[in-house]
Each structure stands twice: as C-alpha cells, then as structure tokens.
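Beneath this line is the structure, given in structure tokens, with notes to follow.
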Protein chains: 2
Amino acid sequence: MPAPIEFYFDFASPYAYLLSEQIEAVATKYGRSVKYKPTLLGAVFKQIGGAPLTEIPFKGDYSRHDFARSARFAGIKYQQPDPFPVSALNASRALLWLQGTGSAKSVSFVHTVFRAYFTQNRNISEMPVLLEIADELGIDRDAIAAAVQDPAVKDKLKAAVEESIKRGVFGAPFVFIDGEPFWGNDRLPQIERWLQYGPF
Amino acid sequence: MPAPIEFYFDFASPYAYLLSEQIEAVATKYGRSVKYKPTLLGAVFKQIGGAPLTEIPFKGDYSRHDFARSARFAGIKYQQPDPFPVSALNASRALLWLQGTGSAKSVSFVHTVFRAYFTQNRNISEMPVLLEIADELGIDRDAIAAAVQDPAVKDKLKAAVEESIKRGVFGAPFVFIDGEPFWGNDRLPQIERWLQYGPF
C-alpha cells in the first residue's frame, strides 16, 4: 500500500477547499488515501512572512475573482464568504481531536466545515457553528466543545503548525506525495501525473 | 477577427517563459493572435509591493523546484539560469523598438531571448548577448544598440510599465482575453476553456 497523500491546509483557504473537493477521487483512482493535516496560515505567515491573498494590493481583487472562476472551472459550488478570512483555530482543534479518537467521521468533518464556510457563508470560527456541524454529523457536541478547550488538544495544534512550517508549508493547499511538494489547487494535473506515472 | 490575447510578461520570469512556449499554439487553434507586452516586475513590485519568488523564504526553494518540474510537465526545455533574476530593461526596450518598426521578427525575438536565458544560461541583461541574438535573427545590431539608448524608446518602456500596473498586472505571465485576467502559467487550462467556449 503506497503512502497516504499528506494534505496540509487551513480551513479558511479557498484553494484548499477546491482541492479538498477533488483530491480524494484522484487518490482513490491510484490506490492512495488522503491524510488531512490542519495548519493555521496566520501563524505560518507570522513566522515566515506572507499575508492572505485578499489583503495584498491588486492581487486581492484578482484572487477573489479567481476563487470563484476556479470553482466554476472545476464544477464546484462556491460562494465568497464574508467575513473572510476567519480563524480556523477551533475547527482545527476539533479536527485534531476527532482524528485522535480514531473516528471515521473526521473526513466528513473536513468537508462539512469547508462547505459550511465556502457554500453557506457560515462563520466556522464560531463555536455555535461548529457545534451545529457536530450535530449534523452525529458527533458528540459536548465532547467537541470540551476538546477545543483541552490543553492537550491546544498543544497538538501548536505542534501541527510547527511541523507544517518545518516541512516548508508556506501556503495552502500544500500536498506531499512520497515527499514531493505540490503547492496550490492548480497543481492537481501534476499531482495526478505523479500518482499515475511516478516522479517526473 | 477576435481581439488578440494580451500577454504581459517580464523576460526574467520562468512561468512567463513556460507560457510563451505554449500560448501561440492555443491562440492559433481558436483564431487568435498573441500581443507580447513587456513589463518590468522590479518596477511593478517597487510600486505596488511584491518580490521575486526565489527571494521569499521557503517559497524560494519550492519555486526553483517547481520551475523545472512545471517545464518537464509541459515538455519544455528548462535550465535554471544563474544569475537569477536579471534585469529585462534592455531586452524590453529592444522588443518595443522592434514592435514599433512593424518587424515580423518581434515574436521570434521574444522566444529567442527567453530561450537564451532559460535554456542556455545567457545573461540577457547584457548588451553583447542581445546583439548576438540580433545577429542570429538578422536584426540590425547597430539599430538595436541605438534603440536601447533612445530616449523615445526609454519613455515607451516607462509608459508600458505604467500601463501594465494600471491594468492590474502584479506578476507574470499575466494574460488578458477580452478583458478577462489570467495570472500564471497554471491558468492555461482556464485560458483554453475561455477561448473555446467563452466566458464561464
């Protein structure tokens, strides 16, 4: 069994959302699984430099246009959320906790949080929204509420962010396949070629 | 006859080189021509912010790797030049002059300069290299040497850079089709869809 595809992301990244809607089908086609690895781009940018695309002069207007166009190009539903971006802190802690429990629902949680933000304009930084999502998925809401305040879970996320920076993750989505790095939703064609034919 | 594809670029941009090797075939397929519009990313970055990819922490290492991999992916010859980047000032002035003369060789000049830099490691910021290229293409070397010092040509490039910034060009390659902006070599699939089926 070949190694899983490592998928680093921030829940508030539009291009990470777009790739998350496509990566599993491609992975499955080539006998791979996907390991979702949350990071926090705000913390990454603070440590190594960088800024949200939409806050960069000129690039901001283009990017908002390109998020929606890239979604239409891929046939994926998309609605620019407002406020944007928002903190992925709580959602990321919740995901790490869920993954730690071995729950089969962790992948559904990733997709449901992404879609809540990017198709329903629900503010995923807020706990009531995350608890609603827990209810939708049949995840224990009290357990998730406790988890995001759990010092052990907080430390886990801190370690995850540090690990992502050590791996050279400077944006999202950031995918590793057999150690090979691919940055951005637009690297999907290269990812597919790598999976099909190996290194090129 | 539909409007030409406007192709903004800097001669030292690897992704602009990669797209320049592919855009004309796609344009021709859909009855379009390509209008090459030089700009200077150094001047653009100074005015609106930004930096060469290779000078950004983390992103630099990834980018150097991705330049070459993206070239292999597209089946295009590529060799990372050193020094990198270099100034496109002289080459851009020479191109604007050549375009102004109505010479049929201006497109060949674009490709020959790009290939000199990205496949032969020739320093295209230096006049002797540009004069060699003029010789290779049968362009009057004295005329080109005079053109790069001509105040009217210098003003033309200044105006071209200003115009690119006004259009919202913040990187390269930056392509407009019927006013629609596409940034980056990796937007080629979206460009092709736009040309084939129109707005999406």
*Report yes if residue A:77 is closer than 19 Å to residue B:50 by Cα and of a type outside the set (Gly, Ala, Ser), otherwise no.*
no
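Of all the helices (runs of 4 or more DSSP H) wholly in the range A:34-134, which have at least 2 residues that are within 14 Å of another protein chain (Cβ to nearest Cβ) and either more than 30 Å from residue B:45 (Cβ to Cβ) or at pLDDT below 95 (or both)?
A:41-48, A:59-74
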_Residue that is farthest from the other protein chains (Cβ to nearest Cβ), among those in the range A:147-172 that are farther than 12 Å from residue A:97 by Cβ and not in a helix (DSSP H, G or I)_ = A:172
*Among the residues of the range B:173-184, write down those that are away from every other protein chain (no Cβ under 12 Å) and part of a loop (DSSP other than H, G, I, E, B).*
B:173, B:178
_Residues within the range A:185-194 that are more than 10 Å from chain B (Cβ to nearest Cβ) and of a type outside the set (Val, Ile, Thr), tallied_ = 1
*Do the conditions hold for residue A:148, that is, is it of a type in the set (A, V, I, L, M) and under 17 Å from residue A:8 (Cα atoms)?*
no
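So which of B:155, B:82 is within 30 Å of residue B:66 (Cα to Cα), surrounded by fewer than 19 Cβ atoms within 10 Å (Cβ to Cβ) and either of a type outside the set (Lys, Arg) or out of contact with any strand residue (DSSP E or B) (no Cβ under 9 Å at 6 or more places or on another chain) (or both)?
After applying the criteria, what remains is B:82.
Residues are listed down the side, and each one gets a yes or a no for (1) crowded, with 18+ Cβ neighbours inside 10 Å; (2) of a type in the set (S, T, N, Q):
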site	(1), (2)
B:4	no, no
B:17	yes, no
B:40	yes, no
B:51	no, no
B:61	no, no
B:65	no, no
B:70	yes, yes
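Within the range B:7-33, can you find the residues that are closer than 19 Å to residue B:113 by Cβ and not in a loop (DSSP other than H, G, I, E, B)?
Selection gives B:7, B:8, B:9, B:14, B:15, B:16, B:17, B:18, B:19, B:20, B:23, B:24.
The values are calculated or read from the model by the stated rules, or taken from the named source; none is laboratory data. These numbers were taken from a predicted model, which means no experiment stands behind them. In this analysis, Cβ positions are derived from the backbone assuming ideal geometry, glycine residues included, and neighbour counts consider all displayed protein chains.
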